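The values are calculated or read from the model by the stated rules, or taken from the named source; none is laboratory data. Note that the structure is a prediction, hence the values are computed from the model and not measured. With ideal geometry, Cβ positions are generated from the backbone for all residues, glycine too; neighbour counts draw on all protein chains shown. Keep in mind that these areas ignore ligands, DNA and RNA; they rest on the heavy atoms of the full protein, side chains included. Shrake-Rupley method; radii C 1.70, N 1.55, O 1.52, S 1.80 Å.
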2 protein chains.
Amino acid sequence: MLKRYLPILTWLPHYNRRLCGADLLAGVIVTVMVIPQSLAYAILAGLPAVVGLYASILPLLAYTLLGTSSTLAVGPVAIIALMTGAALAGVATPGTPEYLQAALVLSLLSGGMLTLMGLLRLGFFTNFLSHPVIAGFLSASGILIAASQAAHLLGVEASGYTVASLSLSLAGNIGETHWPTLAIGGGTLVFLVWVRRRGKAALLRLGLPTALAALLARAGPVLAVVVTTLLAWWLALDQRGVAVIGDIPGGLPPFTLPGYDTSLWRALLVPALLISMVGFVESVSMGQMLAAKRRQRISPNQELVALGGSNIAAAFSAGMPVTGGLSRTVINFDAGAQTPMAGLFAALGIAAVTLALTPLLYHLPIATLAATISVAVLTLVDIPMIRQTWRYSRSDFSAMAVTIVLTLVEGVEAGIIAGVLLSIGLFLYRTSRPHSALVGRIPGTEHFRNVERHDTESASHVALLRIDESLYFANARYLEDTVYALVASRPALEHVVLICSAVNLIDASALESLDAINARLKDSGVTLHLAEVKGPVMDRLKRSDFLDDMTGRVFLSTYAAWHELSRDAT
Amino acid sequence: MLKRYLPILTWLPHYNRRLCGADLLAGVIVTVMVIPQSLAYAILAGLPAVVGLYASILPLLAYTLLGTSSTLAVGPVAIIALMTGAALAGVATPGTPEYLQAALVLSLLSGGMLTLMGLLRLGFFTNFLSHPVIAGFLSASGILIAASQAAHLLGVEASGYTVASLSLSLAGNIGETHWPTLAIGGGTLVFLVWVRRRGKAALLRLGLPTALAALLARAGPVLAVVVTTLLAWWLALDQRGVAVIGDIPGGLPPFTLPGYDTSLWRALLVPALLISMVGFVESVSMGQMLAAKRRQRISPNQELVALGGSNIAAAFSAGMPVTGGLSRTVINFDAGAQTPMAGLFAALGIAAVTLALTPLLYHLPIATLAATISVAVLTLVDIPMIRQTWRYSRSDFSAMAVTIVLTLVEGVEAGIIAGVLLSIGLFLYRTSRPHSALVGRIPGTEHFRNVERHDTESASHVALLRIDESLYFANARYLEDTVYALVASRPALEHVVLICSAVNLIDASALESLDAINARLKDSGVTLHLAEVKGPVMDRLKRSDFLDDMTGRVFLSTYAAWHELSRDAT
C-alpha cells in the first residue's frame, strides 16, 4: 500500500553505484541545460525569472519520491507557462505581490486537483482531450507563444494572450524597435535554428561520437546564453537599453503560504483544472513514450499523484505550476538517467546555482531567452498532423480547427473548452444515428451479410436487422424509427430479428424504446426477436420485465433464428 | 416541398363531412374541458388567467396549418408553465407589464428556436434528454407544482420555484390559513381524486356506455369548476376573502409585439432552449404514442416547425409558451378527433368563450383551479419508473436521482442541465473502458468465443483480442494499456489479432493509438493484425498511412486469421 503511493520504496532498495553514477551525470547535464528555459518560462508567465528556478527545485524532489517514470523531468514548461500567464492576467497585475500570490494559489489548486484525481483513480478523465484537440491546441499555443516573444526580440512593449491583442499592441509599438536587442535576439534565433537543423550533422562531420553530438546539439541554447551574456557584460549592453535578467535574489526558495481568498480561488478553479489536464496529458504521454522505449511501464494514476505533489511543493516554495516537460525529459533521457534519483541530483544542482551563481546571470539578455523559447515552441506547430487529420476525418478535423481558431482568437481556455465540448458533441452525434443493416444468408453457409452489398437469400416474412452500435438515449428513438419504417415498407413481415452482436450496452432509455417497439409490432401482428445478445447485456436485460413481455425469443445465433423462423411461413 | 412544410395541404383535399362531424364534436368537448386548465396554467406561470385562454386560440390555428399529428392538442401545459414562471421570475416582477412582455419574448424565442431546429432537421438534438432524466424531471416538477399550489389551497401567500423557498414562505404564512378557501380547495381535491380513481367505475355501474363514462369521468374538473363557481356566486365568497378569478377582459386576444431588449433576450435564451426541448419531447412522445395507436406516423422535424409556429403565434397574441399537452391531447383523442381541424374548432370555441362568456368565470375560485392542477400534476410523479430504473441500471438511476434532487432544490433549469450533462458524462465513462475479450476457437468449428467463458483451443504465440466497442478518443488509451498488458504477460506471443466486429468507428485519436501499438509491438517482435474490419471503417483506414505501416495483415474473418497464424509457429 505504502509502496503504491511512494514508488521510491520500490526502486531505492535496489539502488547501486552504477545507477548512481548514471543519474549523477544526467543530473549535472539537466542542471546546465534547463536553467535558460526555467528562467524563460517564468518570464513567459509574467513572473520574475527566479520563480522558474524555484519551481525547478522542490517539485523535482517531490517527483523523485512519488513518480513512476524513471526519466520524466518536471519543471516549468512553455504551454503551462502560457496558460498560467493567461489565467493570472485575469486576476492580478504582473509585477504586484498579488500576482505572485495568485501563481501560488494556482499551483496549489492544480496540485490538489491532480492529487485528488490520482487518489480517486480518475486518470481516464483526461481521455476526453482527444488527440486532434490536443494537437490543435499545441499548434495554436506554439504560435501564440512565439507571437508573445516577438516583443522581447524587438525590444518593445506588448502584452496579451490572444493573437488580436498581441498583434495590436505589437503594431502600435513596432516603430520603437530597439536595434541592439533585435541584433542579439535575431542572431540567437538564426543560430538556434541552424543548430537544431544542422548542428548534429556538423558535429558528426567533426568526428564526434553520435551520442555526444546529439547532446551537444541540444546544448545550443546553453551556448547562446553563455555567449550573449558575455557579450552583454563586455559591451555593457544593459546601459544601452538592452533588457537583461538583472538582479536575481540569491539563496534557496523561501517558504510561501498560498493565501485563502474565496473569490481568488473561485476565479482560478477552471484555469487550474485546464492546466492540470493539459499538463498531465503532456507529461503522461511523454512518460509513456519513453517508458515504452525501455520496456518499462508507468502508472497514470500514480503519475497524477506525483504531479500533484510537485505542484503542491511549488506552491509552498515560491514556485509556479509545473509538469513533466518535453525538452527537459528528452535531455534527461538522452543523458542516461536511470531512476527518478536523477531528478534529485538536478534539483540539488539548480539549488546550488540559485544559492550562489545568480550574479552570473545578471547580464543574460531577455532577447536571448525569447529566441530560445520561440525556437522551442515552433516545434509544437504540427502541420503534418493537421494535414493527416484533414485527410482521415472531417469530423475530427473540425474539432481541431475550432480549437486552433478559438485558441488564437479567444485565448487558451476558450480554445480547449470548445475543442473538448465539440469533440464530445460530434461523437454523440455520430453515435446518435447508428448504422444498421438488413442481412441475409450467404447461400449454403451459416454466414449473414448486408443484403445490399452481397448476394444473399432472404424470406419476405422475416427481417434480420443487424444493429452496429450500442443502444443508448441518444440513438434509442432512431432505432424505433428504423424499425417502424421497416415494418411499414414490408406488409408480408411476420418476424423482426434484432441482431445485437455489436450492441455492448442497452441503457434505460433504449430499453423503453425496445418495449415500445415490441408493443407496437405486437399491435401490427409482427413478432420481435433478439439474436446474438452479449453476456453482460443479457444479464442486465434479465433484471427488467422486457424479456417476459417480448413477443418472440432470444436466439443464440443469427443462423439459429433464420433456421427456426424461415421455415414456419404461414 | 410546400406540402412538406404545410401538411394541411395533404389532408385538406380529402376532408369530408364525416371527418368534419367527428372533428366538430371533439372541438366542442375540448373547448369545455380545457378552459379550467388553460386559466390554471397561466396562473401557475404567474400570468393573468386570461393569458391561458389567449394562448389556446391562435397557437391552435398555427398547429392546424403546420402539424402532422391528427390528434395533438397544443396549449399551455403544467410543466412548461412552471418553467415559464421560473424563467420570468428571474427577469421581472409578476403583475408588471415587463412580466407580460417577458412572457411574449420567451414564447418568441422558444418558437424561433423550435422552427429553426425543425428547418435544420435538428430533431435528434432532443435525444440527449434521456428517458431517466425526463422521468426524473417530470416527477420532481410534479412535486414542485403541487407544492406551489398548496398556498392557493390554503389561501395564503407563498412564492418561489424551489422546494426550499416554497416551504419557507409557506411555513411563515401557514398561521394565516383562510378556512373558507381551504374548504373549497380541499373539497375539490377530494372530489377530483375520487373521480379519477373511482369515477369511471361508478358511472359504468350506473349503466353508461364505456366511452361516455370515460369522457364524463374526465369532466370532473369541469363539474368542480361549475359547482364551486355557483357556490362562490351564491354565497358571495369573494366578499369573504376567497380569491376568485375576477374580471377577465372580454374580447379576442390583442395583437402584441414582443419588444427587442438585448439583455432581456440574452437572459431568456437558456430558459427558452430548455422550454423548447422539454416541450418538444413531451409533445412528440405523446404524438408518436397516439399516432402508433392509429397506425399513423408523425414527422418529428415538421412537429418542431409546427410547435415553433404555435409559439410564435402565442408571442403575437398576448399568449405564453405552449406545447402539445398530455391531458388536452388525450381528451381530443378520446373525443374522436380525426384531423388537425379539431384544433381549429377548439380554437373557435375558446375564442367564442373569450369573446362573450368571461363574466361567467368571475366567481371561479382560485382554490378550485389549484386543486385541479395538483391532481393533474401528481400523475407526473412516476414511482414505478423510478423503481424500475433503479433495478435496471444504477448508472441511469444516478442521472435520474441527480435530476430529481437538483430540480427540487435548485430549480427546474439546474435540474435538467445537470441531468443531461451527467447522463452524457456517464455514457462517455462507460464507453471509455471498452469491454474486450481474448477469444479462442470452439474445437472443430469456425466459431470463436471468450476463453474465460468457454472451452476453447488457443495457441501460445497467437492472441485473438475481440474489441467490443467503437474506438475513439475516450477509450483509445485504454486499448493501448490492454494490448501492452497482454504482450507483457505472454512472453511467447508473436501475433496479436484485433477482432473489430463490434468496432463501428475508429477516430483520429484511436488511429494514433493503433499506430503507437503497431510501433511498440514491432519493437517487441510482435506482429499486429486486424480481422473482421467493417466496410466503412476499412474505407476510412485506407485514407491513412496506418495500413501501409502495419506489420501484419487484415483478415476477413477470425477463422482466416487463426487458420493462417496458428500454423506457422516458429
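At a 1.4 Å probe, what is the % contribution of carbon and sulfur to the accessible area of chain B?
Heavy-atom surface of chain B belonging to carbon and sulfur, 1.4 Å probe: 64 percent.
Is region A:295-345 best put as rounded, prolate or oblate by its Cα gyration tensor, with a ≥ b ≥ c the root eigenvalues, rounded for a/c under 1.5, and otherwise prolate when a/b is larger than b/c, oblate when not? Here region A:295-345 falls in the oblate category. Relative to the longest principal axis of the Cα atoms of chain B, helix B:131-154 runs at roughly 20 degrees.
Each Cα pair under 8 Å and six or more residues apart adds its sequence gap; the mean of these over the residue count of chain A is a relative contact order of 23 percent.
Bin width 10 Å, origin at 0, all Cα-Cα pairs of the protein assembly as shown: what percent of pairs per bin? P(r) for the protein assembly as shown, in whole percents per bin: 2, 9, 15, 18, 16, 14, 12, 8, 4, 1, 0, 0. If you sort the three axes of the alpha carbon gyration tensor as a ≥ b ≥ c, you get a/c of 1.5 or more for region A:224-350 and a/b no higher than b/c, which makes it oblate.
With solvent modelled as a 1.4 Å probe, how much accessible area in total do chains B and A shield from it at their shared surface, in Å² to the nearest 100? The summed interface area works out to 6000 Å².
In the assembly of identical copies, B:LEU486 has its label point, taken 7 Å from Cα in the direction of the beta carbon, separated from the corresponding points by 3.1 nm (ascending, one decimal). Can you classify region B:19-424 as rounded, prolate or oblate using the Cα gyration tensor, where a ≥ b ≥ c are the square roots of its eigenvalues, rounded means a/c under 1.5, and otherwise it's prolate if a/b beats b/c and oblate if not? It is rounded, given that a/c, with a ≥ b ≥ c, falls under 1.5.
Working from Cα pairs under 8 Å separated by at least six residues, relative contact order for region B:436-565 is 23 percent.
A loss of 20 Å² or more of accessible area (1.4 Å probe, protein heavy atoms, ligands and nucleic acids excluded) relative to the isolated chain is seen in these residues of region B:290-318: B:ALA292, B:ARG295, B:ARG297. Run the numbers on region A:442-476: which residues show a drop of 40 Å² or more in accessible area, chain on its own versus all protein chains together, using a 1.4 Å probe over heavy atoms? Residues shielded by partner chains are A:ARG453, A:ASP468, A:PHE473.
For region B:274-287, 3J(HN,Hα) computed residue by residue from phi via the Karplus equation (6.51, -1.76, 1.60; θ = phi - 60°) reads 5, 4, 4, 5, 5, x, 5, 4, 4, 5, 6, 5, 4, x Hz, glycine and proline entered as x.
Distance between the 7 Å Cα→Cβ label points at B:ARG297 and A:ALA414: 4.4 nm.
Spacing of the modelled spin labels on B:LEU223 and A:VAL193, each 7 Å from Cα toward Cβ, amounts to 9.1 nm.
DSSP bridge analysis restricted to region A:436-567 gives an antiparallel fraction near 35%, rounded to the nearest 5. With a cut-off of 13 Å between beta carbons, the residues surrounding A:ASN301 carry a summed charge of +2, where Lys and Arg count +1 and Asp and Glu -1.
For region B:25-98 versus region A:106-148, the inter-centroid distance based on Cα atoms is 48 Å. The relative contact order of region A:14-107 comes to 25 percent, based on Cα pairs under 8 Å that sit 6 or more residues apart.
When ranked by the protection proxy of mean other Cβ atoms within 10 Å per residue, highest first, what sequence do the peptides A:10-19, A:71-80 form?
For the peptides A:10-19, A:71-80, the packing ranking is A:71-80, A:10-19.
Packing-based ranking of A:164-177, B:363-376 yields B:363-376, A:164-177, ordered from highest to lowest mean Cβ neighbour count within 10 Å. Accessible area per residue for chain A, computed on protein heavy atoms with a 1.4 Å probe, is 41 Å². Listed by chain and number, the lysines whose C-alpha is less than 26 Å from the C-alpha of A:LYS542, apart from same-chain residues fewer than 8 away, are A:LYS522, A:LYS534. Between the Cα long axis of helix B:163-173 and the first principal axis of chain B there is an angle of about 30°, rounded to the nearest 10. Between 0 and 90 degrees, the angle of helix B:394-410 with respect to the longest Cα principal axis of chain B falls at about 40 degrees. Which value, in Å² rounded to 10, gives the accessible area of A:THR527 with a 1.4 Å probe and all protein chains present? Surface accessible to solvent at A:THR527 totals approximately 40 Å².
Closest approach to the axis carrying A onto B, counted by Cβ on chain A and given in whole Å with its residue, is A:ALA502, 2. Between copies, the label points at B:GLY251 (set 7 angstrom from Cα along Cα-to-Cβ) are spaced 8.3 nm, reported in nanometres from shortest to longest.
Among beta bridges from DSSP that stay inside chain B, the antiparallel ones total about 45%. With the label put 7 angstrom out from Cα along the Cα-to-Cβ vector, B:TRP233 ends up 10.5 nm from the copy partners, going from closest to farthest. Taking Cβ atoms as reference points and 13 Å as the exclusive limit, the residues near A:ALA219 contribute a net charge of +2, counting Lys and Arg as +1 and Asp and Glu as -1. Each part gets one Cα centre, and for region A:191-239 versus region B:511-554 those centres are 41 Å apart. Take every DSSP beta bridge with both residues inside the protein assembly as shown and express the antiparallel ones as a percent of the total, to the nearest 5. So the antiparallel bridges amount to about 45 percent of the total.
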